[in-house]
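Taking it in order: structure first as structure tokens, then the write-up.
The values are calculated or read from the model by the stated rules, or taken from the named source; none is laboratory data. For clarity, every value in this text was computed on a predicted model and none was experimentally measured. In this analysis, Cβ positions are derived from the backbone assuming ideal geometry, glycine residues included, and neighbour counts consider all displayed protein chains.
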């Protein structure tokens, strides 16, 4: 089912579920003038095609006390150090995203910390202790004015 082509009803369902993943199928059926069974079948087809990969709870990091968001560009000593560096970065709960990139950095990570002191601790006692890291550059985020997912 890799080549599943979505239509306007699928797009509408995706938009509605992205807004509130707990919306009952019966409510979606009324909204889109189809049966609840149709909604169920469409959602299952999109799951099988890998378009829908599950449901998630959106957590407000600031409400949990994580006030500092930053991005760290990492240069590795050798390209072959990538798997080991990623394995070590996965150990740190403050690292919430990681990307293997082209350009100035080998790896680009997103880190959430409770404070600047916490961030300093993460940098000195966690990230920079990884032997295969040659250097890092930290960019602190002041604001996140756009945060969305790709929609059809």
Determine which single condition residue 139 fails, assuming it passes every other condition in (1) outside any loop (DSSP other than H, G, I, E, B); (2) buried (at least 16 other Cβ atoms within 10 Å of the Cβ).
(2)
Subset of region 94-115 [part of a loop (DSSP other than H, G, I, E, B) and surrounded by 10 or more Cβ atoms within 10 Å (Cβ to Cβ)]:
94, 101, 105, 106, 114, 115
Identify all residues within region 33-53 that are under 27 Å from residue 147 (Cβ atoms) and surrounded by fewer than 16 Cβ atoms within 10 Å (Cβ to Cβ); write none if there are none.
47, 49, 50, 51, 53
Pick from region 52-79 the residues that are within 15 Å of the chain's Cα centre (by Cα) and touching a residue at least 24 places away in the same chain (Cβ under 8 Å): which of them is nearest to residue 109 (Cα to Cα)?
71
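Residue by residue, here is whether (1) under 28 Å from residue 131 (Cβ atoms); (2) not assigned by TED's automatic domain parsing to the domain that holds residue 16 holds:
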{"residue": "35", "(1), (2)": "no, no"}
{"residue": "40", "(1), (2)": "no, no"}
{"residue": "44", "(1), (2)": "no, no"}
{"residue": "57", "(1), (2)": "no, yes"}
{"residue": "68", "(1), (2)": "yes, yes"}
{"residue": "77", "(1), (2)": "yes, yes"}
Residue list for region 129-143, filter: farther than 26 Å from residue 81 by Cβ and free of Cβ contacts under 8 Å to residues at least 24 places away in the same chain:
142, 143
Selected residue (only one of 86, 124 is loosely packed, with under 12 Cβ neighbours inside 10 Å, without any contact (Cβ under 8 Å) to a residue 60 or more places away in the chain, in a helix (DSSP H, G or I) and not assigned by TED's automatic domain parsing to the domain that holds residue 13):
124
